[in-house]
Amino acid sequence: MIAEAKRRYGGFSLVELVIVLAIVAILVGIAYPFYSQYRVRADRSDATSTLMDTWMALERCFVEELDYRACREQVPERSERGLYEIELDAEPHGFTLTAVPAPDGPQEADEACTRFTLNHRSERGSAPEPPEVCWGE
């Protein structure tokens, strides 16, 4: 009679449910660090695209002003998504743009690419990894 009751009221036991939850927790524990690293690498494009857009704006301004120092208003304080701070080191006939992770932002976890640079000759730089790694070339 007990065997018939078990067959009639099918379902999961508490032990089976705990085993499934443990397996899911292990899979999440393995997948989350990979996702976090992927996200940090993908968000580097916020710095590189902002530097490229700013570089083009500075070149357009230079055609009119003939002095990069007169084009400071073309440089945003932060990247498009706010993950990086943008700085300009300008001279009359040259400049260097620098992007560094915003304080307390998610990109501070990116130890491979802590600084992006782009100058008036379109030369890309990064630290501590080479530009091929950080700029995604």
request  = Two decimals is fine: what is log10 I(q)/I(0) at q = 0.15, 0.18, 0.22 Å⁻¹ for region 7-91, from a Debye sum with one equal scatterer on every Cα and no solvent?
outcome  = -0.70, -0.83, -1.00
request  = Only helical DSSP H runs with n ≥ 4 go in: add -39500 (n - 2.57) per run for the chain, normalise by residue count and round the 222 nm mean residue ellipticity to 500 deg cm²/dmol.
outcome  = -15000 deg cm²/dmol
query = For the chain, which span is the longest to avoid every loop-located (per DSSP) member of chymotrypsin sites (Phe, Trp or Tyr not before Pro) having at most 16 other Cβ atoms inside 10 Å?
reply = 13-137
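Can you sort Val63, Val20, Val100 from fewest to most other Cβ atoms within 10 Å of each residue's own Cβ? Show your work: numbers first, answer last.
Values: Val63 7, Val20 11, Val100 17.
Fewest-to-most Cβ neighbours within 10 Å comes out as Val63, Val20, Val100.
Under a Cβ-only charge scheme (Lys and Arg +1, Asp and Glu -1), can you give me the dipole magnitude of region 43-134 about the Cα centre, in debye to the nearest 20?
On the way: 9 positive and 21 negative charges, 38 e Å.
The dipole of region 43-134 has a size of about 180 debye.
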ask   = Between Ser13 and Asp104, what is the FRET efficiency for a Förster distance of 41 Å, r being their Cβ-Cβ separation, to the nearest 0.05?
value = 0.30
note = Placing +1 on each Lys and Arg Cβ and -1 on each Asp and Glu Cβ in the chain, then taking the dipole about the Cα centre, the residue among Ser79, Pro131, Gly29 whose Cα reaches farthest towards the positive end is Gly29
remark   = Measuring from its Cα centre, region 12-96 shows a charge dipole (+1 at each Lys and Arg Cβ, -1 at each Asp and Glu Cβ) which, in debye to the nearest 20, is 540 debye
Cβ-Cβ FRET estimate between Ala22 and Glu111, R0 fixed at 41 Å, reported to 0.05 = 0.80
note = Taking Cα atoms, the helix 44-65 axis meets the longest principal axis of the chain at an angle in degrees (rounded to 10) of 20 degrees
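Out of every Cα-Cα pair in region 43-134, what percent are more than 22 Å apart?
In whole percent, the long-distance tail amounts to 24.
Any read-out appearing in this document is the output of simple, stated calculations on the displayed coordinates, not a laboratory observation. On a predicted model such as this, the values are computed, not experimentally measured, just so you know. Because the Cβ atoms are built from the backbone with ideal geometry, glycine has one as well, and the counts that use them run over all protein chains shown.
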